[in-house]
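First comes the structure, then the notes that go with it.
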Amino acid sequence: MKLGWRAGAVVLAMCSAAFAHAGHKSLDSRLWGVWQGRRGSVGIWVCFDASLGAGRYVAQGEGEPIPLLPSGPAEFRQGDRLGAQWNMRIASQGRLLGTVTENGAPPLTLDLVSADAIGEPHACAAESMASAVETPVQLVAGPVLHTGDHRYRVLRFGWQKTLELLEPGASVAAVNQQLLGLLDRSPRALEGVYWVRRRQLTTDSPVGYDDVDVEPLSWGGHWLTVNFYRWAAGMGKSGISQGQVTWNLDTGAKVDLWSWFGGAQAYSDDPFAAGLGEMPPRLHALAFKGEDIPDASNECAGNYQAGALFQISLESGGMSFAQPPTGDGCDLTFTLSYAELLRVATPQGTQAIRRVLREGL
């Protein structure tokens, strides 16, 4: 499953500090419209909208609308950096001049020329602003990060994220290809990004993307586990999902850790649920002795039963088994040593576990 846009993945959130303002309905009517110009060396589009009592600006090559929150008829605070103050003045018909000041930095001059919807109260809905936000989404590489002796960076495409391992070797290259393939760069995914951007132009209610994060959970000489986290926009705690994908760095192949014990990994095509599955019978018997299982009257009894879902992952001292938290306080997390696990492992699992014991992760 790719990490692309899903229907319903982006929704209106009901509160946000960046949008928590009542609007300035006395917005200078001479500002109404769409303006195009420069902020320093960067081309920008700016709309001032009477219906919002506010403005939006889009930087060339970025595409994401930034709110301009009014503090006066022609004065605005920049929504992503509230210390940045925009001060506008009418230079002549069809032309605006202004400055942006922030934290004592030299002011940037704005020189804007009218482009569209001049005098229109719903200027931010104009086609020229829609065109500005539909700047093609680019694959963006973040800074180099470190975990232990290993280097990597996060790749971002719209709201989606994945990793690039900065290590040599054909097997690592194969893993990188699989990680990159998780990004959905289809026209449908792009339309999802553009939908959010257009909504951000025309509503005071903030519109957001899913909150997504990805990072190495454990990374040794032979095994890599990557953690994928997603909080679906507007969904509360029920919208949180987390999965872990493990690779064999000697072969570049994905590893199904449940298969080491005769089980089948559930949701193997979804990185946000990868590693989540049921314990095979022999493993379940090892983890839970009969006397340790509460009776059916206990509200947490289901967490101990066969069929309960656990996240499985590799650690230096053993394998971790953790249930996704649901807020009822019943979720279980524990570690079984590799020596214990050898008693219930398949031949394939026995070979892998013995190698971990011999050489480490």
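Laid out as a table, the results:
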item	result
Subset of the stretch 209-221 that is modelled with pLDDT under 90 and open to solvent by 20 Å² or more (accessible area, probe 1.4 Å) - its residue that is farthest from ALA352 (Cα to Cα)	TYR209
Boolean, ARG151 is of a type in the set (Lys, Arg), open to solvent by less than 50 Å² (accessible area, probe 1.4 Å) and out of contact with any Ser or Thr (no Cβ under 7 Å at 6 or more places or on another chain)	no
Tally of residues being surrounded by 19 or more Cβ atoms within 10 Å (Cβ to Cβ), aliphatic (A, V, I, L, M) and touching a residue at least 40 places away in the same chain (Cβ under 8 Å) across the stretch 256-285	5
Residue in the stretch 189-200 that is modelled with pLDDT under 95, outside any strand (DSSP E or B), open to solvent by 20 Å² or more (accessible area, probe 1.4 Å) and of a type in the set (Gly, Ala, Ser) present	no
Pair list, Cβ under 7 Å, 6 or more apart: the stretch 167-183 residue within 15 Å of LEU155 (Cβ to Cβ), other residue open to solvent by less than 30 Å² (accessible area, probe 1.4 Å) and of a type in the set (Phe, Trp, Tyr)	VAL175/TRP247; LEU183/PHE157
Looking only at the stretch 227-258, and only at residues there that are of a type in the set (D, E, K, R) and not in a loop (DSSP other than H, G, I, E, B), the one that is modelled with the lowest pLDDT	LYS237
Residue satisfying condition, being touching a Ser or Thr at 6+ places or on another chain (Cβ under 8 Å), at pLDDT 90 or above and among the small types (Gly, Ala, Ser), within set ALA132, ALA125, ALA173	ALA125
Subset tally (residues that are touching a strand residue (DSSP E or B) at 6+ places or on another chain (Cβ under 7 Å), among the polar types (S, T, N, Q) and assigned to a loop (DSSP other than H, G, I, E, B)) for the stretch 309-328	1
Answer residue from the stretch 336-361, given it is out of contact with any Phe, Trp or Tyr (no Cβ under 6 Å at 6 or more places or on another chain) and open to solvent by 70 Å² or more (accessible area, probe 1.4 Å) and is farthest from GLY220 (Cα to Cα) among those	ARG343
Residues within the stretch 92-143 that are part of a strand (DSSP E or B) and among the hydroxyl-bearing types (Ser, Thr, Tyr), tallied	5
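The values are calculated or read from the model by the stated rules, or taken from the named source; none is laboratory data. Note that the structure is a prediction, hence the values are computed from the model and not measured. All Cβ positions, glycine included, derive from the backbone under ideal geometry; neighbour counts span all protein chains shown. Heavy atoms of the whole protein, side chains included, go into the accessibility calculation; ligands, DNA and RNA do not. Shrake-Rupley method; radii C 1.70, N 1.55, O 1.52, S 1.80 Å.
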